[in-house]
Amino acid sequence: MFKSGFGGLLGRPNVVKSNLIKFLVVKKVAITSNKPQTTRNRISGIYTSDEMQVVFVDTPGIFKPHSKLDDYMDKASVSSLNDVDLVLFMVEPEEMGKGDQYIANLLKEVKVPVLLVINKVDEIHPNKLLPIMDSYHKLEGFKEILPISATQGIGIEDLLKTIKEYLPVGPQYYGADQITDRPEYFVVAELIREQILRLTSQEVPHATAVAVDHMNTHQNGKLLIEATIYVEKDGQKGIIIGKGGKMLKQIGINSRQEIERLLGEKVNLRLWVKVQHNWRSDPNFLKRIGYDKKEL
């Protein structure tokens, strides 16, 4: 009896929900970094076995909004709970704090099963796990509490078995070899943005957006990809470009390597940097680069 459905991944910024998707679907789909608010859009990773297919929807981390972009990210997270078959609420391996309490209160209105997933258990002593689980048991409302490590694979088998229990009987929505429902250009833009997150610091990462302008031409046996990196200030543009273009060159090298792994072919990547003042608070610009609330 084949089961299938959609699982919404929810949690505070930096809980690294995307690592679970990366582990399950093998290839990188959602970007990861050590900076919070990494995921901006709803990105789906597809896990398929002989017995089930799960479309994992990685939502932006929930936090107090400070701009139109922040507001978009929060609404994208909450709206995903309205059209999934179960919710995976992922938390850090520590006793419940105010941020997790806030999300837990939101989940009280959810009608589908909610699984609490405690990630990164490889980073703590086993004796500390039980008190952490007890702090969440007090809330009630969780069908299961499951400790895992999305990087080491600890508890993943039990997690998949539990997910199968709560999924409805259904068809296989996507081919067995399909790992995401996002178009390639979207994932490519995210891979470029990941390298910006990794190589720059302070306010620059979250003041950047990446749009793929061209991605359907081959030159000299390589796929030509042209993309624009948008920043909000002239000073940020200087940081992204770097002295003598060194930073932009490194972003390009790292991004090209990740894109070639994803696409399985050689890539000629060309990057430009443009200033778009206050783009995070400009709804028209957000829509133009793909952050469209109507898609939610």
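Read-outs: derived from the displayed coordinates by stated rules, not from any lab. This is a predicted model, so every value here is computed, not measured. With ideal geometry, Cβ positions are generated from the backbone for all residues, glycine too; neighbour counts draw on all protein chains shown.
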**Fill in**
Under the rule rounded for a/c under 1.5, else prolate if a/b exceeds b/c, else oblate, using alpha carbon gyration tensor axes a ≥ b ≥ c, segment 133-231 is classed as oblate
**Fill in**
Ordered by fewest other Cβ atoms within 10 Å, a rough proxy for footprinting exposure, Arg288, Arg198 read Arg288, Arg198
**Request:** For segment 100-117, just list the computed ³J(HN,Hα) in residue order, Karplus coefficients 6.51, -1.76 and 1.60, θ = phi - 60°, integers in Hz, with x standing in for Gly and Pro.
**Result:** 5, 4, 4, 5, 4, 5, 4, 6, 5, 8, 7, 8, 8, x, 10, 9, 8, 10
**Message:** Give me a comma-separated list of calculated 3J(HN,Hα) values for segment 146-159, in order, Karplus coefficients 6.51, -1.76, 1.60 applied at θ = phi - 60°, integers in Hz, x for any Gly or Pro.
**Reply:** 10, x, 9, 10, 6, 9, 9, x, 5, x, 5, 4, 5, 4
**Request:** Could you list which residues have their amide H under 5 Å from that of Val273, counting only those 5 or more apart in sequence or on another chain, with H placed in the peptide plane?
**Result:** Ile229
**Item:** Integer Hz, Karplus 6.51/-1.76/1.60 couplings in order for segment 133-141, x for Gly and Pro
**Value:** 5, 4, 5, 8, 4, 5, 6, 6, x
**Rounded to 5, percent antiparallel among DSSP beta bridges of segment 108-243** = 70 percent
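Beyond 32 Å between alpha-carbons counts as too far, so tell me which of Lys222/Lys274; Lys164/Lys266; Lys161/Lys287; Lys22/Lys246; Lys108/Lys164; Lys233/Lys287 fall in that bin. Provide the component values of the computation, followed by the final result.
Details: Lys222/Lys274 25 Å; Lys164/Lys266 38 Å; Lys161/Lys287 39 Å; Lys22/Lys246 30 Å; Lys108/Lys164 22 Å; Lys233/Lys287 20 Å.
Those over the limit are Lys164/Lys266; Lys161/Lys287.
Sort Leu271, Leu88 so the one with the fewest other Cβ atoms within 10 Å of its own Cβ comes first.
Arranged by neighbour count, lowest to highest, Leu271, Leu88 become Leu271, Leu88.
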**Fill in**
Counted neighbours (other Cβ, 10 Å), sorted fewest up, put Val273, Val210 in the order Val273, Val210
**Message:** List the residues, sorted by chain then number, that are 5 or more residues from Gly242 or on another chain and whose placed amide H is less than 5 Å from its amide H.
**Reply:** Met247, Leu248
**Asked** Once the Cα atoms of segment 184-295 are picked out, what are the Rg and Dmax in Å?
**Response** 13.9, 41
